[in-house]
Amino acid sequence: MKHSLTRHLVTLPLLLGGVSSAMAADSFDLQQLIHAAQQEAPITVYDSTGKILKQAKAFSEKYGVKAVGIKAKAPQILEIISREAQAGNVQADVAFLADAPAGTQQLLAKGYVYSWTPADLKSSIDASYQDPLTVVLAPNVWAYNTAQYSECPITNIWQLTEPKWRGKVAMQDPLSKPSYTDWFNQMATHYDKEVALAYQQEFGKPLQTDESSATAAFVQALAENGPLLTHSDSDAAQAIGAPDVKESFVGLISTAKFRDNKDGMKLGLCHGVKPFSGWSYPSLGLIAKGTHSPNSAKLFIHYMLTSEGIAPQAVDGKMSTNNQVDLPKNEPSGIANYRKEIMGYQTSTAQSDWQTRQDWQDLWNLSYHK
């Protein structure tokens, strides 16, 4: 069956707002921003990782500017900011949202928040991550069990569509994890030639398909091969890397799960996989338009783009968009050595990801066989 996945490649314009009185865009002064922030009320910062509590505390101690970190899932953050904006009662000042399509369409497009990139860091942040500002990239990588294999048993994602790997690929369910359908759409939109080339490299012949793209053909074939679908990253990691696992699974997991190796897990990072050894999804840094503490909010964004600010998340392999910030040498997955093998997320087409989520879910649902 042929499925039409219409892509709407409309770039969402950056919605500016809340220009700080502490500085003009072309004359950034960090000390001036700090001084202005110290005169303002405390801020509340939301993120989907519990590390935000530690980061907010460290920020408060460093600058003498009170910040309270709150952990909440992306849908909760979206609802909180939307309702507060509609009610004219803004309490959430800053949000780091790990759902770029929803953030652009549900918050930026409606004028509830704005994006701000520190002028002194612009030269260190790729232009594709500035509009809107992406602060963190969280990699999902192909992983294997090091107790069962001396090296990763796959070298090409198309191998996972073969009978050998039927029922032995562990991953979160794309029907309940939108970042997976965003991954599909990003591949189809920006990297479809690479997916087609990987097929030819694996099978020695060009891909022939009735699907709308090479990516759609891969998604269909993977679903038909009956992956083990989990409700969480932890469950997928357990299926892959448990020391006593009886079946040989490979799969997709967050680099954060490699920290469990210190407790006996046997997770290994696959590298050299064609066309990509994994993919990353972004966390946008957003400031509420009605915040009473715009300078504090901007200072927190600036802090999170520094090595000190991102450190609690960097130990989990989460990568700063500031290219002057490196991952710590003791980060357990080793992703820093293979960063170029990770498929990057392009926020310029986040609107297309948002509009095609249902199309990709339909393709997956119709193709999936246990």
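The values are calculated or read from the model by the stated rules, or taken from the named source; none is laboratory data. Please read these numbers as outputs of a predicted model, since none were measured by experiment. Cβ coordinates were reconstructed from backbone atoms using ideal geometry, including for glycine residues, and neighbour counts include every protein chain displayed.
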Exercise. Scanning region 324-369 for residues that are β-branched (Val, Ile, Thr), touching a Phe, Trp or Tyr at 6+ places or on another chain (Cβ under 9 Å) and not in a helix (DSSP H, G or I), which turns out farthest from residue 176 (Cα to Cα)?
Worked result: 342
Exercise. Quick one: in region 54-74, which of the residues that are among the aliphatic types (A, V, I, L, M) and crowded, with 16+ Cβ neighbours inside 10 Å is nearest to residue 104 (Cα to Cα)?
Worked result: 74
For this session: Could you please let me know if residue 313 is farther than 26 Å from residue 189 by Cβ and either at pLDDT 95 or above or not in a strand (DSSP E or B) (or both)?
Result: yes
Seminar exercise, completed: Picking from 122, 62, the residue that is within 27 Å of residue 186 (Cα to Cα) and either in contact with a strand residue (DSSP E or B) (Cβ under 6 Å, 6 or more places away or on another chain) or assigned to a helix (DSSP H, G or I) (or both) would be 122
For this session: Could you list all residues from region 65-83 that are in a helix (DSSP H, G or I), touching a residue at least 12 places away in the same chain (Cβ under 8 Å) and within 30 Å of residue 39 (Cβ to Cβ)?
Result: 77, 80, 81, 82
Exercise. Residue 152 passes all but one of (1) touching a Cys at 6+ places or on another chain (Cβ under 8 Å); (2) crowded, with 22+ Cβ neighbours inside 10 Å; which number fails?
Worked result: (2)
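Report yes if residue 93 is in the same structural domain as residue 302 (by TED's automatic domain parsing), surrounded by 18 or more Cβ atoms within 10 Å (Cβ to Cβ) and of a type in the set (Asp, Glu), otherwise no.
yes
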For this session: Evaluate region 304-312: report whether one residue or more is polar (S, T, N, Q) and in contact (Cβ under 8 Å) with a residue 60 or more places away in the chain.
Result: no
Seminar exercise, completed: Per the list (1) among the small types (Gly, Ala, Ser); (2) out of contact with any helix residue (DSSP H, G or I) (no Cβ under 7 Å at 6 or more places or on another chain); (3) modelled with pLDDT of 95 or more, residue check on residue 248 breaks on (3)
Problem set entry | Some residue of region 127-136 being at positive phi, part of a loop (DSSP other than H, G, I, E, B) and surrounded by fewer than 24 Cβ atoms within 10 Å (Cβ to Cβ) | no
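The rows are residues; the columns are (1) assigned to a helix (DSSP H, G or I); (2) modelled with pLDDT under 95; (3) crowded, with 20+ Cβ neighbours inside 10 Å; (4) assigned by TED's automatic domain parsing to the domain that holds residue 147.
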site: 175; (1), (2), (3), (4): no, no, no, yes
site: 179; (1), (2), (3), (4): yes, no, yes, yes
site: 195; (1), (2), (3), (4): yes, no, yes, yes
site: 200; (1), (2), (3), (4): yes, no, no, yes
site: 207; (1), (2), (3), (4): no, no, no, yes
site: 216; (1), (2), (3), (4): yes, no, yes, yes
site: 257; (1), (2), (3), (4): yes, no, yes, yes
Seminar exercise, completed: Filtering region 316-353 for residues that are modelled with pLDDT of 95 or more, touching an Asp or Glu at 6+ places or on another chain (Cβ under 9 Å), farther than 14 Å from residue 135 by Cα and surrounded by fewer than 24 Cβ atoms within 10 Å (Cβ to Cβ) leaves a count of 5
Seminar exercise, completed: Among (1) crowded, with 17+ Cβ neighbours inside 10 Å; (2) modelled with pLDDT under 95; (3) under 21 Å from the mean Cα position of the chain (by Cα), residue 14 falls short only on (1)
